[in-house]
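Contents: one structure, followed by commentary.
The values are calculated or read from the model by the stated rules, or taken from the named source; none is laboratory data. Computed from a predicted structure; not experimentally measured. Counting neighbours? That spans all protein chains shown, and the Cβs are built from the backbone with ideal geometry, glycine included.
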Protein chains: 10
Amino acid sequence: MSFPESTQLLLKAKKEKGLTFADIGILLGLDEVWVASLFYGQSTASDEEADKLLTTLGLGAELKEILTTPPVKGSLDPVIPTDPLIYRFYEIMQVYGMPMKDVIQEKFGDGIMSAIDFTINVDKVEDPKGDRVKVAMCGKFLPYKKW
Amino acid sequence: MSFPESTQLLLKAKKEKGLTFADIGILLGLDEVWVASLFYGQSTASDEEADKLLTTLGLGAELKEILTTPPVKGSLDPVIPTDPLIYRFYEIMQVYGMPMKDVIQEKFGDGIMSAIDFTINVDKVEDPKGDRVKVAMCGKFLPYKKW
Amino acid sequence: MSFPESTQLLLKAKKEKGLTFADIGILLGLDEVWVASLFYGQSTASDEEADKLLTTLGLGAELKEILTTPPVKGSLDPVIPTDPLIYRFYEIMQVYGMPMKDVIQEKFGDGIMSAIDFTINVDKVEDPKGDRVKVAMCGKFLPYKKW
Amino acid sequence: MSFPESTQLLLKAKKEKGLTFADIGILLGLDEVWVASLFYGQSTASDEEADKLLTTLGLGAELKEILTTPPVKGSLDPVIPTDPLIYRFYEIMQVYGMPMKDVIQEKFGDGIMSAIDFTINVDKVEDPKGDRVKVAMCGKFLPYKKW
Amino acid sequence: MSFPESTQLLLKAKKEKGLTFADIGILLGLDEVWVASLFYGQSTASDEEADKLLTTLGLGAELKEILTTPPVKGSLDPVIPTDPLIYRFYEIMQVYGMPMKDVIQEKFGDGIMSAIDFTINVDKVEDPKGDRVKVAMCGKFLPYKKW
Amino acid sequence: MSFPESTQLLLKAKKEKGLTFADIGILLGLDEVWVASLFYGQSTASDEEADKLLTTLGLGAELKEILTTPPVKGSLDPVIPTDPLIYRFYEIMQVYGMPMKDVIQEKFGDGIMSAIDFTINVDKVEDPKGDRVKVAMCGKFLPYKKW
Amino acid sequence: MSFPESTQLLLKAKKEKGLTFADIGILLGLDEVWVASLFYGQSTASDEEADKLLTTLGLGAELKEILTTPPVKGSLDPVIPTDPLIYRFYEIMQVYGMPMKDVIQEKFGDGIMSAIDFTINVDKVEDPKGDRVKVAMCGKFLPYKKW
Amino acid sequence: MSFPESTQLLLKAKKEKGLTFADIGILLGLDEVWVASLFYGQSTASDEEADKLLTTLGLGAELKEILTTPPVKGSLDPVIPTDPLIYRFYEIMQVYGMPMKDVIQEKFGDGIMSAIDFTINVDKVEDPKGDRVKVAMCGKFLPYKKW
Amino acid sequence: MSFPESTQLLLKAKKEKGLTFADIGILLGLDEVWVASLFYGQSTASDEEADKLLTTLGLGAELKEILTTPPVKGSLDPVIPTDPLIYRFYEIMQVYGMPMKDVIQEKFGDGIMSAIDFTINVDKVEDPKGDRVKVAMCGKFLPYKKW
Amino acid sequence: MSFPESTQLLLKAKKEKGLTFADIGILLGLDEVWVASLFYGQSTASDEEADKLLTTLGLGAELKEILTTPPVKGSLDPVIPTDPLIYRFYEIMQVYGMPMKDVIQEKFGDGIMSAIDFTINVDKVEDPKGDRVKVAMCGKFLPYKKW
């Protein structure tokens, strides 16, 4: 899998500055996952956010246009992802997808969780038996319209 | 997509008894998503859990063997799911998969979130602008071993 | 491509009664495309709508549960549809997908047209050089959330 | 997904001139979606249209040949599109494809809507509960010939 | 590859009556390929044509509805056909597809040959070095519309 | 879809000379579709044909080796073609493939139409209701051998 | 992979009679591989061959029609075969396909080996270091036609 | 399909020297198909074979490392080959794969023909009705081990 | 994924008898994985082994033919397995496949590990930090033959 | 299949130094397969390991960042590998996957073998009838969590 040149420039500058996504998130007043999604060309920044980010990373204004234009989204190359970390989320859907669908529809009726009006957070839960990754997704429920 | 006969019998009995997955979860002392995953042949019950479930649903003991045997998992038929509710989770990975990978590895180092030593919960967050679905996933972090 | 038994029963009864989807739509106070989507197991009826439909078609109550339960959606069998009428819509996206994306984002910013809070209508436009099919889709614009 | 160099040059010049597809459409006497499809190498301009467009955008005549030659069409890279905006149209066919087919054939008999003798328009419908995207497709009905 | 029951009944009756598709074509005043496409559920007969066909084959009226309803078309099972006779036509497109596209567009401009307003005929050309199969396809040229 | 450099050079030279494939075909004493297939690297020229062609187009001898070496054939990139003109031929096989197979075998017995000992011609049939494209394919019948 | 009922009946009868394909081949005056291909619905028998075969196997005349009708060929279910014996031949093409193509074209010019006017034989070559399987394929060379 | 640079250099030098694979095979004391497989990066030469080959072709020692290192094998690009010559072998397996499997196992028991301890030869069989291609494959039989 | 009836009968009888694969392995003098592969129709038993197995499980002789006939192998339904336990082995190849290939060829030269003359054993390694699964594969090295 | 530039540089330097993976493994105190997985961009080195490796191979520090950053894993290009050595492991899962799953679950209950907390070793087992490759995999057993 290869990423666009802008992604590579942003990641390199971040590494050289010794910043984490969380550091940059605090600076921009945004969550670290959203910041990372901007680095990977999956989100659109406002002019002000783009300026702040580029100044922080010591990068020139030539990346601004890319950061502020709605991108073609969907960054995973193979149809079924092969990276083990990402595949696990695909597997979760294979195993728990139908159960989740039923539970969501039992609570909300026929509709879906929006993936657009949507946030996602990642936290570390310390645990003596081994730390745990906590991923919290939260999206607006959209009921099917009748007409 | 068609489900095994046992899934259909369990869902039908649950509907006739007017029970939700949450109701059954309280009875078994287990989460509602896990209970639903048992209905869909994606989890294994203990003998005691299977007995309680079948009694509650008024079903015969002939389903016990299926409920207590480790199943072949992975219930989604097309390689890329077409049901809109389930597809949204696939899309989330397309859009936020690489960003999440980077954030998780920034916090934990090289490794993955387990999809086995793992829990998933679904909650309704009431919101005047439209209720929201909250999905919380929590899995043990597994660092890559060197040898 | 084969359809569920319920779809076949509904279509057969409709044919025997000599009703069009438009006729049934008027009866239920709903659009003809939505009615057809209910026949194909892609929508969920209310109790009242299901009762009215089954009475109209002279069908028994045993179909009511299917009509009122949120279905697993996505009815096209091959990954890329082979029926010429349906394939044309896939081709339209191949040819006009990116142009539409750009025009929509020029007008609305980064986001999508909802396929859930969404309606679709089909009309016949008479034309001396050959009648035309008019398909009007209308979905809520959902802007990407930042967090 | 990467686009041909000509597409990139056209989009860049348009951005620098601060023009929308609608602006250019008025200039050429053509719809904005069609103009965008020309930018993406999916349509063929006449000599006059190509000249006008290149002059407007301040681009040299070397793009004229590309703009006036029938292209190899079909610009979406993965078999099933992963960009959320474009995927929604694929999903609409998964969910409403068969219902539309039945309604069209109930109104017209056996045949298809042409994707060649065809127009597509995008409009913004203002709505206090959130603006809506309206997509109107209109294609000639082509009945199957018998011979 | 398995065919619908109606196809099997029609083929069996035809065999028992000792009729060729050409014989039936003469009876119905239609081409033999079209008749065969009706047998395979790819075309729609008029009421009169269906009656004549069923009488000729000594079959009951219960097949009439299937013969007169617009079918879901596209009868080849694997995405790329494996039957050698049918595969050869797929190969012809692999080898001569782009050349044909260029020649057609050189003669007609940007557009396509319709596969709907379209006929296809098969003839035997006797040849001392081995008989030849002649397939003649003829479809209306559809120029791309601008709007 | 991208074509080899030799194809691009040949097409460019042909355009600059203002020649059609038919013009070149007359010069070489070969059909225009065959000539186009040579341009797309799907056929092999004799030394003499290659010389004549390169002289006509004002191209150097460095393309001669490519034109006279049996190529790796099959020029369509996606498994199922997305260009509408080419897709229509794929669709014709989906719809009329089995009917053609039956008619051919009714006339010839078990065997296939050769795609190697094979010719293909494209003609324009003028028609007041809209001109028609006529494609005539003619291949040797090859009966299956028993042994 | 499942085979048609006729294949299963033929294989079962052959087993009960204790016959090898070679035994039956001698009886019919045909090669054992061809006989096996008839069992798997990949070849067409003459009336006389079908009669002899059915008598030998003690089977009724109801299979005769299937044995004497040109079948839809291509019996391997997954696109890439998973049975190890059959996969090896697929692998041979992956590894030696291009080398064979070059050697064949060096000897014959541009063209192919026919898979229709074609025979295949399997022999056992005894060898003290382990017996060897010898597969001899022999097909007519078909040169590409120019036109 | 594109081949590695080393393949292209070897093929070009062979052409300039006017050598066939058979000529080179005699020089190296190896079969022509094996020689061609070395050209296509599918086999490994010994030091001595590589030296002799490079001297014969007048090529420098910089290709020696590539010729003597076990390669990543499998040179066909699309999953199902589209070149007609190579596809025919794929088709042979579709049609005669199961019959061959049965005949091999009737003669040898449960096991496979090795594709590693394996040879392949191509010969021209002159025939007044048209020359024939003879391909002889010979591989060690490997019985399944029990343990 | 569904298994053949014979597999289901064997598994059911084994469960009713309360036997493990290891128990049966001791009885037959064979490894437990091999025994399980026989249950899943992936291996061939001798007459004596089949008799002993059927007697042990209290099953009739009608399964003997299936147990003693070389099967069509390859039991995983989706091209990429979705069951998490089995997928992990696919992932191991994605991650460690090329490294293993290099190490094997460094030790053995150009060739492969046989999957036919091959054994596989599964052991439990007790470990206070959590038990470990040990899978030992052992196959004959097959060097590529030159000819 | 092409590998990243860093992989090529590492492999080339190793070859020039005349080192095996085992040699380097001893130097770093790590197994040879793990070392090879680092070369192929599938593992992450510590700072110290990267320094030692680069000094040993005489390579500059510019590769250090790549060696110490968690990579996007999964290096096999085609969905089903075509290299014969690697394919055999895929085949082993096709044939012995379900049997292994059953044996593992008989010994451990419902869960999987971790592919993360996991080691793999390759050994040569000398054998007069032909040396054997021994691959030992050992991963932590992860039982499914209930919640």
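Listing for the model above:
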quantity: Residues within the stretch I:10-47 that are within 13 Å of the chain's Cα centre (by Cα), outside any helix (DSSP H, G or I) and at the interface with chain J (Cβ under 8 Å from one of its Cβ atoms), tallied; calculated: 2
quantity: Count - residues of the stretch E:75-134 that are farther than 17 Å from F:LYS124 by Cα and either in contact with a His (Cβ under 8 Å, 6 or more places away or on another chain) or aromatic (Phe, Trp, Tyr) (or both); calculated: 4
quantity: Failed item, numbered, when D:GLY97 is tested on (1) surrounded by fewer than 17 Cβ atoms within 10 Å (Cβ to Cβ); (2) in contact with a Leu (Cβ under 8 Å, 6 or more places away or on another chain); calculated: (1)
quantity: Test: residue in the stretch A:6-18 that is touching an Asp or Glu at 6+ places or on another chain (Cβ under 7 Å) and β-branched (Val, Ile, Thr); calculated: no
quantity: Of the criteria (1) under 30 Å from B:LYS12 (Cβ atoms); (2) among the polar types (S, T, N, Q); (3) modelled with pLDDT under 90, which one C:THR44 fails; calculated: (3)
quantity: Failed condition for I:LYS64, given (1) on the phi > 0 side of the Ramachandran plot; (2) in the same structural domain as I:LEU28 (by TED's automatic domain parsing); calculated: (1)
quantity: One residue from H:VAL133, H:VAL122 being of a type outside the set (Lys, Arg), in contact (Cβ under 8 Å) with a residue 60 or more places away in the chain and not in a helix (DSSP H, G or I); calculated: H:VAL122
quantity: Residues within the stretch H:83-107 that are closer than 21 Å to G:GLN105 by Cβ and within 14 Å of chain F (Cβ to nearest Cβ), tallied; calculated: 9
quantity: Selection from the stretch I:47-69 of residues that are among the basic types (Lys, Arg) and either modelled with pLDDT under 95 or in contact with a His (Cβ under 6 Å, 6 or more places away or on another chain) (or both); calculated: I:LYS64
quantity: Residues that are more than 17 Å from the chain's Cα centre (by Cα) and not in a helix (DSSP H, G or I), drawn from the stretch G:83-110; calculated: G:GLY109, G:ASP110
quantity: Residue check, J:LEU142 of a type outside the set (Val, Ile, Thr), out of contact with any strand residue (DSSP E or B) (no Cβ under 7 Å at 6 or more places or on another chain) and within 12 Å of chain A (Cβ to nearest Cβ); calculated: no
quantity: Residue match in the stretch B:113-121 (condition: within 7 Å of another protein chain (Cβ to nearest Cβ), aromatic (Phe, Trp, Tyr) and farther than 21 Å from J:TRP147 by Cα); calculated: no
quantity: Residue in the stretch B:111-123 that is nearest to the chain's Cα centre (by Cα), counting only those that are closer than 26 Å to A:LEU30 by Cβ and surrounded by fewer than 20 Cβ atoms within 10 Å (Cβ to Cβ); calculated: B:ASN121
quantity: Any hit, the stretch J:37-44, residues being free of Cβ contacts under 8 Å to residues at least 24 places away in the same chain and of a type in the set (A, V, I, L, M, F, W, C); calculated: no
quantity: Pairs, first closer than 14 Å to G:ALA36 by Cα in the stretch H:84-97, second among the charged types (D, E, K, R) and not in a helix (DSSP H, G or I), C-beta under 6 Å, six or more apart; calculated: H:VAL95/G:LYS73
quantity: Residues located in the stretch I:55-82, provided they are in contact (Cβ under 8 Å) with a residue 12 or more places away in the chain, more than 12 Å from chain G (Cβ to nearest Cβ) and in a helix (DSSP H, G or I); calculated: I:THR56, I:LEU57, I:LEU63, I:LEU67
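Yes/no per residue for (1) over 28 Å from G:PRO81 (Cβ atoms); (2) crowded, with 20+ Cβ neighbours inside 10 Å:
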| position | (1), (2) |
| --- | --- |
| I:GLY25 | yes, no |
| I:ALA36 | no, yes |
| I:PHE39 | no, yes |
| I:SER43 | no, yes |
| I:ASP47 | yes, no |
| I:GLU65 | no, no |
| I:GLY74 | no, yes |
| I:VAL79 | no, no |
